[in-house]
Amino acid sequence: MVLCGCQPAAVDPCSQFDSPFSPALAIDIENSGVSQRNLRGWVQGLTSPILKGRHAGEPGARLAAAWIAKQMAGLGLDSLTEAGFCRGFTLYDGKDYNVIGQLSNGSSGSDRPNILVGAHYDGQGRHPAGKIYPGADDNASGVAALLEVARLAKRQHSSTEKTATSGVDWTFVAFGGEEVGQLGARSFLADASIDLAQLDLAIHLDMVGRPLGPDAQNAIGYLTLSKNTPPLAQALKQAANAAGVEIVSLEDFGALKPMITDAEVFSHRLPTLLLSTALHEDHHRVSDTPDRLDYDQIQRASQLVLALAGIIADRS
Ligand SMILES: [Zn+2]
């Protein structure tokens, strides 16, 4: 567990902005593999026009945080404190939230690896002309993969048989405020109640829903962003083989590389891996819509995270 002895707040921050917004998702809880139906459901929820593009600090982003917290609760994750899944942080001109769910298979302080899976949920909000930026690839795709990995991790923890990831503890964080300076990620790293020393690896999913490029349509791009890159890159290659997923280093993508992300901020503190299918012409445009997503790619990214966790569990 990541949390160390902090006082729970009296009120669940999410409950303060709870709303009727709750699209009825047909999530298949029992599916034993990464489900594209589920991925579509998570994306559908996050790109709902009611969330108005999830711009940091606006009501739509707070609704999105509350919605993600509900999904985490529905999946059976543990909240950060008794107060709930949401952790507030200060924006330049207001407040926003990270949404943090945990999954542990035993007592705290164990030597099981603890893997953080992160994806930012905030987006571009509304175009001055009134159109909403759906932010389907950036980054409903990453949050969808995070929730689907969380569903399967919980399922594997609950299994009576030993599974690939039953020896892993997980910390799932949907970050707010990425598009306005990675403020959610910075606040998480500065949060005195979170024991970073217990985290072994941070995997950030940022835009994982498009073909990677003309020469590697089905590949998932990656960047290892820490001093500890040789063993991490080696483990990732092993995981890619195990999952049957092609991977390509984003170092080779030049201008198409994702710009500074939460992963870059994390890399100064933790071994960090970024998974992304890189920039494209719809990035930060109203044309970043759910119908343009390649759900096979989101599925591959999710499978890669689970396979990597299995490799890390084996090694420890
Ligand atoms: Zn992004």
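The values are calculated or read from the model by the stated rules, or taken from the named source; none is laboratory data. Because the structure is a prediction, the values reported are computed rather than measured. Reconstructed Cβ throughout: ideal geometry from the backbone, glycine too, with neighbour counts over all protein chains shown.
Among the residues of region 177-207, count how many are within 13 Å of the ligand (Cβ to nearest atom), closer than 22 Å to Asp93 by Cα and aliphatic (A, V, I, L, M).
Result for region 177-207: 2.
Every residue in region 168-214 that is surrounded by fewer than 24 Cβ atoms within 10 Å (Cβ to Cβ), touching a Phe, Trp or Tyr at 6+ places or on another chain (Cβ under 8 Å) and more than 25 Å from Cys14 (Cα to Cα), please.
Gly213, the sole residue that qualifies.
Could you grab me the full set of residues in region 104-143 that are assigned to a helix (DSSP H, G or I) and either closer than 15 Å to Gly45 by Cβ or away from the ligand (no atom under 15 Å from the Cβ) (or both)?
Of everything in region 104-143, those that are assigned to a helix (DSSP H, G or I) and either closer than 15 Å to Gly45 by Cβ or away from the ligand (no atom under 15 Å from the Cβ) (or both) turn out to be Ala136, Asn139, Ala140, Ser141, Gly142, Val143.
So which residues in region 153-179 are in contact with a helix residue (DSSP H, G or I) (Cβ under 6 Å, 6 or more places away or on another chain), within 18 Å of Arg112 (Cβ to Cβ) and not small (Gly, Ala, Ser)?
Lys154, Thr163, Thr165, Val168, Trp170, Phe172
Filter region 1-49 down to the residues that are hydroxyl-bearing (Ser, Thr, Tyr) and either closer than 18 Å to Asp96 by Cα or not in a loop (DSSP other than H, G, I, E, B) (or both), then identify the one that is modelled with the lowest pLDDT.
Ser19
Quickly run through region 70-95 and pick out the residues that are under 16 Å from the mean Cα position of the chain (by Cα) and in a helix (DSSP H, G or I).
Lys70, Gln71, Met72, Ala73, Leu75
Just to be sure, is Leu91 in contact (Cβ under 8 Å) with a residue 12 or more places away in the chain, closer than 25 Å to Leu39 by Cβ and of a type in the set (A, V, I, L, M, F, W, C)?
So Leu91 does not fit the description; no.
Pick out the one residue from Ala233, Ala243 that is of a type in the set (A, V, I, L, M, F, W, C) and surrounded by fewer than 19 Cβ atoms within 10 Å (Cβ to Cβ).
Ala233
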